[in-house]
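**Q** Please read through the structure below; I'll follow up with questions.
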Amino acid sequence: MESKAKINQSFETLFREFFRPLTIFAIQYVKDQDIAEDIVQDLFLNLYEKKESLKIQVSVHNYLYTSVLNRCLKYLEYKRVRVEHNPDVQNSLNSKQVDPLELVSLFEFENKYVQVLESLSPKCREVFEMSRMDGKKNNEIAEELKISKRTVETHISNALRILRKRLKKYIKQL
């Protein structure tokens, strides 16, 4: 019994810590707060249902963000397919000036973005994600990781330089 209570408490803490940042992260992709919240809630519901058998081999932070990103990409792919196969949806989207090719381009961009992020050194990626995905300030990151503020700035600069270089093709299209 005590173990289940501890698991529930840990899960609740995880939910409270990550729900808002993950929702903000998802909004960047799906461009709709309600859909972003649904994606994040669905992820946590799925995790809760599997909580006793779940084994995460990477950091929880990376697992959650990667899971949300994958769910956002699946949603965008679903939306793209729906547009292609339903004239009513196509007409509705045309009136809003949404181009399905933009969704495909965005999907490709997201995949490349994840690949580039994964290619960064672990510390550089961690600092960059804390800054850009968690919205933390440089001094907060420095304190949390026990590194200098200048080191944080260097990691962020390096990550941005690499992202710009490797995503140049996609950035010109957007």
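**Q** Could you check how many residues of the stretch 9-34 are β-branched (V, I, T) and either open to solvent by 50 Å² or more (accessible area, probe 1.4 Å) or more than 21 Å from V114 (Cα to Cα) (or both)?
**A** Here the count works out to 3.
**Q** Let me ask something else. Could you tell me whether K6 is open to solvent by less than 80 Å² (accessible area, probe 1.4 Å), at pLDDT below 80, more than 19 Å from the chain's Cα centre (by Cα) and over 28 Å from K112 (Cα atoms)?
**A** no
**Q** Out of the residues in the stretch 35-52 that are aliphatic (A, V, I, L, M) and open to solvent by less than 80 Å² (accessible area, probe 1.4 Å), state the one that is farthest from Y75 (Cα to Cα).
**A** Out of the qualifying residues, it is L47.
**Q** Looking at the stretch 96-109, can you tell me whether even one residue there is over 18 Å from the mean Cα position of the chain (by Cα), at pLDDT 75 or above and outside any helix (DSSP H, G or I)?
**A** Within the stretch 96-109 (the criterion being over 18 Å from the mean Cα position of the chain (by Cα), at pLDDT 75 or above and outside any helix (DSSP H, G or I)), the answer is no, since none of the residues qualifies.
**Q** If we keep just the residues of the stretch 122-169 that are under 17 Å from the mean Cα position of the chain (by Cα) and open to solvent by 90 Å² or more (accessible area, probe 1.4 Å), which is modelled with the lowest pLDDT?
**A** R132
The values are calculated or read from the model by the stated rules, or taken from the named source; none is laboratory data. Keep in mind that what you see is a predicted model, and the values were worked out from it rather than measured. Please note that ligands, DNA and RNA were not included when accessible areas were found on the heavy atoms of the full protein model with its side chains. Shrake-Rupley method; radii C 1.70, N 1.55, O 1.52, S 1.80 Å.
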